[in-house]
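Here is the structure we will look at, set down as structure tokens.
Derivation of every value follows stated rules applied to the coordinates shown; laboratory data play no part. Please read all numbers here as calculations on a predicted model, not as lab measurements. All Cβ positions, glycine included, derive from the backbone under ideal geometry; neighbour counts span all protein chains shown.
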């Protein structure tokens, strides 16, 4: 007798494949499931307790809806860094820049072109950030 293919079967298969993939990566171990938030809790054994944390939460909906290889690339940090566009912190609060006037955008551009840090190293995303600011 053949088994009917439905959304529940596909979801279960994706969840099982995700669990198998995580168990196959030495860096990660499944710590448990947070039933309140409906997510998997994964421990990253390469990190120590601290500001970056050792636990990663992955929503079950993400496991079902996203391709497995993309999820694993994000977990293993095998992807291009992304720049969050549209929000900046000026004068102590965060603000969206999409509704700023020209002079406010100019002020942001002036601030972004200067290196106010104590090191000689320029920020990691400086070129991409300036392209985004200049496109406003």
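Between residue 21 and residue 35, the modelled labels are 2.6 nm apart [label points 7 Å from Cα along Cα→Cβ].
Modelled spin-label separation between residue 13 and residue 59, with each label point placed 7 Å from Cα along the Cα-to-Cβ direction: 2.4 nm.
Once the Cα-Cα distance is subtracted from the 0.36 nm per residue extended length, the residue 127 to residue 77 segment shows a gain of 15.9 nm. In terms of surrounding Cβ atoms within a 10 Å radius of their Cβ, 109, 79 rank from fewest to most as 79, 109.
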